[in-house]
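The values are calculated or read from the model by the stated rules, or taken from the named source; none is laboratory data. None of these values were measured; they are calculated from a predicted model. Please note: Cβ atoms are built from the backbone with ideal geometry, for glycine as well, and neighbour counts cover all protein chains shown. Side chains included, ligands, DNA and RNA excluded: accessible areas come from the protein's heavy atoms. Shrake-Rupley method; radii C 1.70, N 1.55, O 1.52, S 1.80 Å.
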Amino acid sequence: MHRTRLPAAVLVTGLLAMAALATGCAQSKVPTDAQVTLTGQITRPDGAPAGNLRLALTRVPDLGELAFQGIPVAVTLGTACLADNPPPLCKLLQQATTDGQGTFAIHMNGSDVQGSFGTATTFDLAAQLPRSGSEVDGPSVRAGFEIQRTDVTVPTLRFWHPDHVTVGGDARTTTLDWAPITDVNDYTAHFSVNGQEIWSDQAAATMDSRAFEDANGVVHISAAASADGPDTTFKLFYTSQGVGFRGRAGAPESRGKPCVAEQQPCQLTDGSFDHPLPESAWAYVDLGGPQPVGTVFARANQAGSLTVETSDDARNWTTRATGDGQFAKITLPVGITARYVRVHGAAGSRITGLTQLSVWP
């Protein structure tokens, strides 16, 4: 079966990890010596059983593991953990296969569902259909939840395979169109290159083409829902098949220009998205001389909020704008020119995981 590693936001695992950090201090209700059984069913878009389909159950690291075992927050779980050789970040608990009726049963020990100091743990259950036709990869479905009892039944997971996902447009505007799910209004668009997400935002009919530069990659559309269960809430994520796209805006004026993060050279302007910046207080781009600065795109910053500053000497800085979100488009006031453009975490926070810093006139 063909499988393509999907990016972090497609899997929404970054959000799941953050939820685990926020709520993972609850004590586990499951005795360590108990036998735990997880059951459920997976169906195809038409409701037919998804038989003989591989699924992966992964565990999100908790605060104790992060602090004392040095395990990083997982950002590449979900369908990536379905691979024959899952990446090291997968805290893979089990892989399983559905039977002819699309049902599954996973058996664990009570100790498997506890984190550090006996806390409850957040889990991620994912499955993916094979691609068909011109698709880059097939649709996927996921559930996030805690296990707080010895018998847990996951709500039926039904794949969403819209009859079309299309992307087009020009150098200014990118157009999206897809067949929606009944009674769902909120969608997220995910653009990735070689398995690394380069942009994610609320899906709309039109988007700013500069967010995608000259990249050649894959776009997915996702939707989220929730379902209450005994002793837990299931967070459900439905992701469409992946289709190819090519960015039409070209390269930003910052492409290939020097970049510095806390006095060290960085790779935030090389057009690649596979070497995230380690934690840093700030990073700046040297445009080589005074240039018009209109919009800054900051990609994959886990800290969220950012402040943009400009300077002509890299010593005296003027605050210009702020932005929020892991993927942030920050628009500066009209008429600004500068040689240096710097971002730093708002309210004293530090930049984490930034992959590219793109400056446009």
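Below is a table of values for the structure above.
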item: Trypsin sites (Lys or Arg not before Pro) lying in DSSP loop within segment 138-197, provided at most 14 other Cβ fall within 10 Å; result: Arg172
item: Amide H partners (placed H, <5 Å) of Ala215, local residues excluded; result: Gly247
item: Options Thr232, Tyr187, Val293, ranked by Cα towards positive dipole end of segment 167-309, top entry (Cβ charges); result: Val293
item: Relative contact order [Cα under 8 Å, 6+ residues apart], the chain, whole percent; result: 15 percent
item: Loop-located trypsin sites (Lys or Arg not before Pro) in segment 293-361 whose Cβ has at most 11 other Cβ within 10 Å (DSSP); result: Arg315
item: Among beta bridges that DSSP assigns inside the chain, antiparallel share in %, nearest 5; result: 95 percent
item: Heavy-atom accessible area per residue - the chain, 1.4 Å, Å²; result: 43 Å²
item: Prolate/oblate/rounded label for segment 157-268 (Cα gyration tensor, a/c 1.5); result: oblate
item: Full-extension gain in nm, Arg350 to Gln202, via 0.36 nm per residue minus C-alpha separation; result: 50.8 nm
item: Distance (nanometres) between label positions extended 7 Å along Cα→Cβ at Arg246 and Ala171; result: 1.5 nm
item: Under-5 Å amide H pairs with Leu354, H placed in peptide plane, nonlocal only; result: Leu277, Gln302
item: ³J(HN,Hα), Karplus 6.51/-1.76/1.60, whole Hz, each residue of segment 151-162, x for Gly, Pro; result: 10, 10, 10, 7, x, 3, 9, 10, 5, 10, 10, x
item: C-alpha long axis of helix 13-23 to longest principal axis of the chain, angle in °; result: 70 degrees
item: Label of the coordinate-derived value, Rg and Dmax of the Cα atoms in Å, listed as (1) 25.0, 80; (2) 21.6, 67; (3) 19.6, 62; result: (2)
item: Shape call, segment 242-361: gyration tensor on alpha carbons, a/c limit 1.5; result: rounded
item: Global geometry of segment 95-158, whether rounded, prolate or oblate, following the gyration tensor of its Cα atoms and the 1.5 cut on a/c; result: prolate
item: 5 angstrom amide H check on Gly294, placed H, neighbours 5+ away; result: Trp360
